[in-house]
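The structure appears below as structure tokens.
The values are calculated or read from the model by the stated rules, or taken from the named source; none is laboratory data. These numbers were taken from a predicted model, which means no experiment stands behind them. Cβ placement follows ideal geometry from the backbone for every residue including glycine, while neighbour counts extend to all protein chains displayed. Remember, those area values only see protein heavy atoms, side chains included, never the ligands or the DNA or RNA. Shrake-Rupley method; radii C 1.70, N 1.55, O 1.52, S 1.80 Å.
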Amino acid sequence: MVVRRLSGLQKDVLRLYRDCLRAVHKKPEESRPRFYAFARREFERNLDIKRTDVKAIEYLLRIGRRRMEQYMSPNVRDIGTV
């Protein structure tokens, strides 16, 4: 079995995803499923981006970090469904 090493960018994407999932635990229990679903949907929506498209991935990482900061504010208790 061949194990491929992850690039730094791939590690950054996985780290952001894990951070999003961890941050959901700070939200009220009744709204957690919607936060989980939102995070998963956002990452799945961008699965078709090629690994070699570094600019697009870096841009999405910046957007994702900003969104996570906004949504993890204590004032945000729930997230609307899209």
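Considering only residues in segment 34-55 that are closer than 17 Å to R15 by Cα and free of Cβ contacts under 8 Å to residues at least 40 places away in the same chain, the one that is surrounded by the most Cβ atoms within 10 Å (Cβ to Cβ) turns out to be A39. Selection of segment 56-82 for residues being open to solvent by less than 100 Å² (accessible area, probe 1.4 Å) and of a type in the set (D, E) yields E58, D78.
What do you reckon, is E30 at pLDDT 90 or above and exposed (fewer than 14 other Cβ atoms within 10 Å of the Cβ)? Yes.
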